[in-house]
Structure formats: structure tokens, C-alpha cells
Amino acid sequence: MSRLAVIFISTLFLSTTTWAIESNQQQNNLPELSLPTLKLIEHSNLNTENYIWKIQLLLNLENKSISSYLINPHPAFPMLNQRALELAQNHLAKNYHDEKLAHLHPSQLENLRSNTTPSTPEHTQSYMLNVKFPQGVAWKIKPRFQELAQISAKFCKLQPQHPNYENAIIRKDRHYTFQTKLYINANGIVKSVELLNPSADTTLNKIVQKELSASRFQPYNENGIPTAFLAEQPIQLVCPN
């Protein structure tokens, strides 16, 4: 399991910073094919400089077979060449498995044939799958912390004469930082959230766990192998001045 450190910095409403690494885009210098194009993204520890793996997917509508061809393998990343083909096969298995093709209505087959380009063989429907492996991890669904912000705002409004003022987790002169660990599988799903320093307010603790559990990351691999990873995540609650 990879170990990563990611940071949220918050002023009550928890505005977030992202940590995905963006690099200058490198053109593949390939002629563009006039085919319908799909895109897949899986993040990686490798710096591919935004290289795009181009895979041609072929559906033979006569014998209902499917196949994929990597047009531009990267000479420096054979492990990602293989991973790109695996992603293509996963896509085909999910969307165009034999049982699904076998049950296509004749009108659906005709629609597929009408989308076939002149460069593809008869009875074959072809399209492109572009695969990218950006470096580093990245959000797919960010936590919004709306409920946490609403409750925190009530603490920030407390006055010294209020009976809960002394025990408030945060107030004008006091902030609190949750230290958390997120356990994320290779598909980017948060499997569990551990609070390393739970506060005395059990309601806030549950909200933090719920919000982080509902977030999601982009799928991730290390050297072309799908990999689960751990994120150490501080969340700071601060009342505005």
C-alpha cells in the first residue's frame, strides 16, 4: 500500500487544496483518426508527461467478437502499455461482453453499422479509446463538508457567557485540527477513515468520517499495477476573524 500525504486547509467552510501534479502536455505526433473517441484516466506514480495511449477498439457485428489494438506503445513505459490494454479489455468486458452483443436488437446492430467509418472492414464498428496516466493522486469526488461547516459556524458564534463556551471545540480564540487516515483501494474508493485524534464532540467526529467516506479518488497504479493507498489527512477548523 502506498503512503501519501494530502492536505485540506480550511477556514470554517473548508476550502480545499488539491495535490494532483500537472505536467506540460506532450503531443504524440500521430495523425488523428476520424473515429468516435472515448477517454479513460488512471493516475500513476510515473511521470508520463501527459502522454496519451491510443487504442483502437473493434466490434465485429457479424460474429459478435471484440478486440483491441494499441496503436502507439510508449517505448519507456512497457508496464503502462500493458496497463492501457488491460483497461481497454476491462472497458470492452463491461460494455460489450458477448452476452450483451448476442442480445442486441437488429435495429441496434443497424445503428452500430451506421456509425462505422469507411476505413473499417465490413461488419466492423471501430472507435478509439484514449488512455492517460497523470502522475500523483487526485480527487474524483471531493468532500464538501457542508454539514461540518454549518455546525462549526454555531461554535464560532458562541459568546463567553454561553454555558457551552468553555467546552466548545472551536471558537474565536480556539481552532481544532482533525488528524485522519484514509484507506483507499485501487479503484479510488475510500474503504475506511480513521480519526487519529477524535474530538470530545462525537457529532463532529461522525460527520468528518461520513464526509470523507463519501469522497472518492481517481483510480491509481504504481508502475502499471493497480494499487491501494493510504492518505494522511489533516482537517483544520478555524473561525473567521
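The values are calculated or read from the model by the stated rules, or taken from the named source; none is laboratory data. Since the model is a prediction, treat every value here as computed from it, not as a measurement. When we count neighbours, we look across all protein chains shown, and the Cβ atoms used for this are built from the backbone with ideal geometry, even at glycine. Areas reflect the complete protein model, heavy atoms only, side chains present, ligands, DNA and RNA absent. Shrake-Rupley method; radii C 1.70, N 1.55, O 1.52, S 1.80 Å.
Points to keep in mind about this one:
- Whichever residue in the stretch 208-230 is assigned to a strand (DSSP E or B) and open to solvent by 30 Å² or more (accessible area, probe 1.4 Å) and, among such residues, is nearest to SER192 (Cα to Cα): ARG216
- Evaluating THR202 against the criteria (1) within 16 Å of PHE155 (Cβ to Cβ); (2) within 24 Å of the chain's Cα centre (by Cα); (3) open to solvent by 60 Å² or more (accessible area, probe 1.4 Å) leaves one unmet condition, (2).
- From the list ASN72, ASN29, ASN50, the one residue that fits, being within 22 Å of SER126 (Cβ to Cβ), modelled with pLDDT of 75 or more and not in a strand (DSSP E or B), is ASN72.
- Taken over the stretch 137-158, the residue count meeting the criterion of being farther than 15 Å from THR203 by Cβ and in contact with a helix residue (DSSP H, G or I) (Cβ under 8 Å, 6 or more places away or on another chain) is 3.
- Filter pass, LEU195 being surrounded by 13 or more Cβ atoms within 10 Å (Cβ to Cβ) and within 30 Å of the chain's Cα centre (by Cα): yes
- Candidates TYR176, TYR183, filtered to the one that is of a type outside the set (A, V, I, L, M), over 26 Å from the mean Cα position of the chain (by Cα), over 24 Å from GLU86 (Cα atoms) and surrounded by 15 or more Cβ atoms within 10 Å (Cβ to Cβ): TYR176
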